[in-house]
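Notes for the one structure printed next.
Readers should treat all values here as calculations from the given coordinates under stated rules, not as data from a laboratory. The structure displayed is predicted, hence computed values, not measured ones. As a convention, Cβ positions derive from the backbone with ideal geometry for all residues, glycine included, and neighbour counts pool all protein chains shown.
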Amino acid sequence: MLWNFDIEFKIYRGEKENKMKFMVAWKIPPGCYKAAVERFLNTGAPNPTGVKTIGRWHAPGSSSGWHVVEGDAAGVAELEAVWGDLLELQITPVIEDSEAATSLAKVYRK
C-alpha cells in the first residue's frame, strides 16, 4: 500500500472529528485474481464501521479499479488491512473542486 501524503488526517475541533474523502486505487496482482474475486463475491466488500462508499468502479477486462470512500484515517487503514493480502492499494486523500478553489483563492487572490 502507498500513502501519497505526509499529513495528519484526524483533525479535531472540540469533540467533533472531520471526515475526509480518499481515492483507493486497487489492482489485483497475478496469482491473486481468483481469491480476490471469491472474497468480493462472498462478502460484497463491506466497509469498516465509519467508512462510507461514495462510489466504486471496476475497469472491465482488467484487474483494477477505484473506490472513493469517506471516513477517518483509522477506518481507511482497516479497509487496507482487510484487502492488503490480495490487492495492491494506493490510497490518496482527495478534496472536491469547491474545497480546492477555496484554498487556491487564498493563495492566488490576495
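Through the Karplus equation 6.51 cos²θ - 1.76 cosθ + 1.60, θ set to phi - 60°, convert the phi angles of segment 75-86 into ³J(HN,Hα) values in whole Hz; use x for Gly and Pro.
x, 5, 5, 5, 4, 5, 5, 5, 10, x, 7, 10
May I ask you to compute the full-extension gain from Ala105 to Cys32, defined as 0.36 nm times their residue separation minus their alpha-carbon distance, rounded to one decimal in nm? Intermediate values should be presented prior to the final figure.
Working: separation 73, 0.36 × 73 = 26.28 nm, distance 4.52 nm.
Here the segment from Ala105 to Cys32 would lengthen by 21.8 nm.
Determine which residues of segment 73-110 fall in the zone a paramagnetic label at Asn42 would reach in this model, i.e. backbone nitrogen under 16 Å from the point 7 Å along Cα→Cβ.
82-87
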